[in-house]
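The values are calculated or read from the model by the stated rules, or taken from the named source; none is laboratory data. Here the structure is a predicted model, which is why all the values come from computation and not from measurement. Virtual Cβ from ideal backbone geometry, glycine too; neighbours counted across all protein chains shown. The accessibility values were calculated without ligands, DNA or RNA, using every heavy atom of the protein model including side chains. Shrake-Rupley method; radii C 1.70, N 1.55, O 1.52, S 1.80 Å.
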Amino acid sequence: MTYVLGILLFGGLIWYFGIYAERKKTKKVRKQLLSGEKSYIVHWTYDKDFDFAEFQASDNGLRLFKKKLSNVKEVYICNDGILLGEDLYFSWKKYAKFNELVITMDDPPCIFFHIEYQVGESKNIVKFSIPIPPERELEAVSVLDHLVGTVRYEY
């Protein structure tokens, strides 16, 4: 019994500190962006009744965050990652490569990210779409041009 409790406690601590570290990193990046310490490629905002979660496929890497995604009203796309609202930051600085990075022909059009993170034998795939606000399509093209030159890309 104590063995099982020990495993549960250890697993809980790992989970807690993993989530805590992720939140801390996200808050730090957001603070850097708002203060001007960190640069970004584009900053897009969405209407108050816009549901960001609606644009995510059911099998994408953000499905665990569906409730938080509904609250996303702004996106910062940077050289090394993307900040979704106040809660989620995905970095592609380390161990990441784009398997696909395209503008979709959806309504509205989206930037579709397919990112693979690999460390040793461990591989994690994240797919998500960032809706392009009206009349910002040229900015989206410049984002793709910029990121393809910055991030490892699999052809």
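Residue-level analysis places residue 145 among those that are without any contact (Cβ under 8 Å) to a residue 40 or more places away in the chain, assigned to a helix (DSSP H, G or I) and open to solvent by 40 Å² or more (accessible area, probe 1.4 Å). Listed residues 41, 19; which is modelled with pLDDT of 85 or more and either under 26 Å from residue 138 (Cα atoms) or of a type in the set (A, V, I, L, M, F, W, C) (or both)? Only one candidate qualifies: 41. Just one of the listed residues (28, 24) is open to solvent by 100 Å² or more (accessible area, probe 1.4 Å), within 27 Å of residue 144 (Cβ to Cβ) and either in a helix (DSSP H, G or I) or at pLDDT 85 or above (or both), and it is 28. A Cβ distance below 7 Å, combined with a sequence gap of six or more or placement on separate chains, defines the contacts here; from region 83-104, residues that are more than 18 Å from residue 140 (Cα to Cα) and among the charged types (D, E, K, R) reach residues that are open to solvent by less than 10 Å² (accessible area, probe 1.4 Å) and not in a strand (DSSP E or B) in the pairs 87/26.
Going by the structure shown, is residue 11 part of a helix (DSSP H, G or I), modelled with pLDDT under 65 and surrounded by fewer than 13 Cβ atoms within 10 Å (Cβ to Cβ)? So residue 11 fits the description; yes. Residues in region 110-130 that are buried (at least 18 other Cβ atoms within 10 Å of the Cβ), closer than 16 Å to residue 97 by Cβ and among the β-branched types (Val, Ile, Thr): 1 in all.
The sole residue among 60, 79 that is modelled with pLDDT under 85 and either basic (Lys, Arg) or outside any strand (DSSP E or B) (or both) is 60. Does region 64-71 contain any residue that is open to solvent by less than 70 Å² (accessible area, probe 1.4 Å), at pLDDT below 80, in contact with a helix residue (DSSP H, G or I) (Cβ under 7 Å, 6 or more places away or on another chain) and not small (Gly, Ala, Ser)? Yes; the residues of region 64-71 include at least one that is open to solvent by less than 70 Å² (accessible area, probe 1.4 Å), at pLDDT below 80, in contact with a helix residue (DSSP H, G or I) (Cβ under 7 Å, 6 or more places away or on another chain) and not small (Gly, Ala, Ser).
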